[in-house]
Amino acid sequence: MTPKISFLNPQDAFNLNKLMEADVFVMDAQQCFFLRACIREIRSHSQRRIALAPVFLYNAKEIHDPFIRNLTDGIIFSVNKLETLYDKSKQIHDRIKHLSLSTPLSFNEQILKRTTDYMYTRNAETISPHIDPTSALGYTWPEMSVHFGQGEEPKVLEALDFAATNGFFSESFVDKIHLCNCCGSALLHLHEVCPSCNSRDVEMEDLVHHFPCAYVGPFSDFVRGDADDLNCPKCSKKLRHIGVDHDKPSVICHCNSCNKNFQDAFAVVTCLYCKKQTEMEYLAARNIFIYTITQKGKAAAISEAYNTTNHVVERISSFEVYQTFLSDRLDKVKNELKTNSTLVLIRLHGMEGVYNRIGRSNQEQVVSEITGIIRTYVRSTDMIAVENTVAIHICLNDYENGEVTMLLEKLLPGLSELLKANFSKPDISLTGNHIKLSPEADIKKTLLELNDNGYAIYS
């Protein structure tokens, strides 16, 4: 059967009805902006038959834009020779029929399925990063990036990490970039500032060392009228040849704002996206990979294997999952005589300044390490949850009288000292409170009571 072909061109703009009716799209390639907009609309469409439909170009000699090249299926050189695209279109539609109809649960699973569905229907093995000045990352993986809007590019990395971690993709190193620790953007501006006043109005000039008299000073000290005529300000001798009677061992910086001289300027980075200024050492380093679909990824495209969500409760969880866990735990406390649970709330004071300095990505790592330390003190059956970056909840299960207090007296001072030592912040302190979960308890009210009660302070 001959496929129904829809022609898209800038003159008749974008026609939604054409999307709904067509089996194949043929697009005028004269305007790159129009192409990108149409391709994004098609490939990110919620209906799979549209998102995976064959797309061909005409009025095109060579496509340099990887976003367009990777998300289209070829070029026809005349609209009078449409039969040349029939075979390839049929191959794509035949492979679409093999795809699983399952609907993944999580967002990353959904993005992964849409990506591998496209790869399967095109018999593609890899998705590669391409330099893209329009992306906040500076890179794009067209097959996956098309599902994210402008400003959402850092989420592409999360989806790719998810795919690799769960064995659907394997990784091959390409590059390493540095990202803003707040918004994840790679659009960074590096500048040198004065270490005294933080001004950017800094000038650099060479230091000159005059051998005969051992005078060392900035280049400007040696200039007398003509810049080519250099004389030592100490002994007045004319400088002749570098390496013979003088050299330039280093540079010196001068701040025009506070008028101070210094050897090394302080390098800082300003994110062009969120405008946050960050010290170089706190930028988030990120490896850029080529991703190759694995056998598991290929199998998942045509099976029900995408649901990677672990429905067994994780032992370090979100606060929402924690509340669900507590409801289940309350049922056990009501129905089982020897079962008991104690709810603990630990607050981290003085960490807000630390988090603001190190950025979001490093902040998440610190919280993860803190919960990891807490995990070493409690039992495997206990639940840990993070309400926010300064509030950590623990559900301690089946502890004897006095054991909870002993645990907190051991955990909190040690953790407090560790945080102060690592971040050089003497004002960091921890507070902790605990309350036993009664059979008649209301979970929300109990958590509020836990939050309002007095705390033991470990500074």
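The values are calculated or read from the model by the stated rules, or taken from the named source; none is laboratory data. In this text, all values refer to a predicted model and were calculated from it rather than measured experimentally. Neighbour counts are summed over all protein chains in view; Cβ atoms, including those assigned to glycine, are modelled from backbone coordinates with ideal geometry.
Select from the stretch 201-255 the residues that are polar (S, T, N, Q) and either within 27 Å of residue 191 (Cβ to Cβ) or modelled with pLDDT under 85 (or both) and list them in ascending order.
Step one: list which residues in the stretch 201-255 are polar (S, T, N, Q), which gives 220, 231, 236, 250.
Scanning the stretch 201-255 gives 220, 250.
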**Prompt:** What strands (runs of 3 or more DSSP E) completely inside the stretch 235-293 contain at least 2 residues that are among the aromatic types (Phe, Trp, Tyr), within 28 Å of residue 181 (Cα to Cα) and out of contact with any His (no Cβ under 8 Å at 6 or more places or on another chain)?
**Reply:** 284-293
**Message:** So, in the stretch 175-186, how many residues would count as being among the hydrophobic types (A, V, I, L, M, F, W, C) and under 18 Å from residue 159 (Cα atoms)?
**Reply:** 4
**Prompt:** in contact with a helix residue (DSSP H, G or I) (Cβ under 9 Å, 6 or more places away or on another chain), over 25 Å from residue 299 (Cβ atoms) and assigned to a helix (DSSP H, G or I): does that describe residue 36?
**Reply:** yes
**Request:** Could you please find all residues in the stretch 380-411 being within 32 Å of the chain's Cα centre (by Cα) and not in a strand (DSSP E or B)?
**Result:** 380, 381, 382, 389, 390, 411
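Listed here are the residues, each with its yes/no results for (1) exposed (fewer than 14 other Cβ atoms within 10 Å of the Cβ); (2) charged (D, E, K, R); (3) not assigned by TED's automatic domain parsing to the domain that holds residue 329.
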site: 372; (1), (2), (3): yes, no, no
site: 399; (1), (2), (3): no, no, no
site: 403; (1), (2), (3): yes, yes, no
site: 422; (1), (2), (3): yes, no, no
**Message:** I want to confirm something. Restricting to the stretch 199-240 and keeping residues that are charged (D, E, K, R) and surrounded by fewer than 14 Cβ atoms within 10 Å (Cβ to Cβ), which single residue is farthest from the chain's Cα centre (by Cα)?
**Reply:** 238
**Asked** Counting only residues that are at pLDDT 90 or above and not polar (S, T, N, Q), which one in the stretch 387-397 is surrounded by the most Cβ atoms within 10 Å (Cβ to Cβ)?
**Response** 394
**Complete:** residue 101: passes all of (1) buried (at least 17 other Cβ atoms within 10 Å of the Cβ); (2) under 20 Å from residue 51 (Cβ atoms) but (1)
